Amino acid sequence: MSQLTDALRSMPYWLVSLFLLVENLMIFALALWVGQMMRRRFAARPVAHPPKAVDAVELSLVISTLLLNTAVTIAGFWLWRKGIVQFREDTGWHALLDVLILLVGMDLAMYILHRIAHIRWIFPILHSSHHRYENPRPLTLFVLNPAEALSFGVLWLAIISLYDASWLGMSIYLVLNVAFGTIGHLGIEPFPDGLKKAPILKYLSTSTFHAQHHQSVHHNFGFYTLIWDQLFGTLAPRYQEDFGKLPAPDPVKLT
Ligand SMILES: [Zn+2]
Ligand SMILES: [Zn+2]
């Protein structure tokens with residue numbers, strides 16, 4: 001591990017940037033590929049209507065998100081070299097606890113940021129592009145206003161600057177982050193109906209949960225869990241009844 005970190009510390013920035021661009025492109029390709037496979041596998045359980053054909057605006061926003069995500073990753077690397085961001089090297093229970101701390105902490109921080117993004121005058125600057133698409137598909141995860149992509153990135157850098165997580169805990173968290181984001185934009189529900197009543201698991205975010213947010217912007221602001229929406233009274237009242245179901249076509253919206 002120390003040999004790897006030594007090599008990373010001495011690598012020229014152009015090479016680091018190239019690696020991190022390729023890394024971000026691979027994460028994007030993997031999320032799309034797994035997402036498309038799941039859409040086919042669970043096609044019988046749609047929770048959103050079929051999306052329109054991909055348009056040029058959508059594609060340009062995806063490209064800008066990928067470039068900004070890469071820039072944020074490079075900034076994180078720079079902070080790590082400066083010693084502002086530090087990682088532990090342990091792999092035991094504390095590393096697993098990191099996953100829980102990062103998931104719950106980031107879920108709360110992103111819930112608050114998401115509520116702010118829906119304030120009328122902030123919405124067009126921060127979040128309107130993502131909501132142009134009422135019927136999500138895996139690509140929608142990457143359709144963000146540039147300011148939104150950056151604000152997520154800055155929030156993440158702030159959290160890892162304040163909290164010294166382990167390499168292992170942070171890596172598991174980052175995988176889960178992409179997994180939850182992809183699940184939220186599948187447009188189909190891969191989880192069985194039993195999940196909505198299962199102890200603990202019922203608090204996890206699902207495809208239905210985030211698809212409902214794309215159709216009803218006043219509900220379901222959480223990313224990984226339902227706990228903050230339940231606590232602050234923003235969970236869609238029909239979340240359980242409509243779990244795994246196709247919403248009524250426009251203009252009837254979930255209330
Ligand atoms: Zn979304
Ligand atoms: Zn939103």
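A few notes on this one:
- Taking first residues from segment 15-33 that are on the phi > 0 side of the Ramachandran plot and partners that are of a type outside the set (S, T, N, Q) and not in a helix (DSSP H, G or I), no Cβ contact under 7 Å between residues at least 6 apart in sequence or on separate chains turns up.
- Taking segment 78-99 as the range and being touching a helix residue (DSSP H, G or I) at 6+ places or on another chain (Cβ under 9 Å), open to solvent by 30 Å² or more (accessible area, probe 1.4 Å), in a helix (DSSP H, G or I) and farther than 27 Å from residue 13 by Cα as the test, the residues that pass are 94, 96, 97.
- Filtered by the rule that a residue be farther than 17 Å from residue 131 by Cα and either open to solvent by 30 Å² or more (accessible area, probe 1.4 Å) or among the aromatic types (Phe, Trp, Tyr) (or both), segment 57-71 gives 63, 67, 68, 69, 71.
- Taking the listed residues 4, 8, the one that is open to solvent by less than 80 Å² (accessible area, probe 1.4 Å), more than 20 Å from the chain's Cα centre (by Cα) and at pLDDT below 95 is 8, with no other qualifying.
- Unmet criterion (only one of (1) exposed (fewer than 13 other Cβ atoms within 10 Å of the Cβ); (2) within 19 Å of the chain's Cα centre (by Cα)) for residue 103: (1)
- Residue within segment 54-75 that is outside any loop (DSSP other than H, G, I, E, B), closer than 15 Å to residue 163 by Cα, in contact with a helix residue (DSSP H, G or I) (Cβ under 7 Å, 6 or more places away or on another chain) and modelled with pLDDT of 95 or more present: no
- Subset tally (residues that are within 8 Å of ligand 2 (Cβ to nearest atom) and either β-branched (Val, Ile, Thr) or in a helix (DSSP H, G or I) (or both)) for segment 116-130: 2
The values are calculated or read from the model by the stated rules, or taken from the named source; none is laboratory data. Bear in mind that the values here come from a model prediction, so they are computed numbers and not experimental data. We place every Cβ from the backbone using ideal geometry, glycine too, and count neighbours over all the protein chains shown. Calculation scope for accessible area: heavy atoms of the full protein, side chains included, ligands and nucleic acids excluded. Shrake-Rupley method; radii C 1.70, N 1.55, O 1.52, S 1.80 Å.
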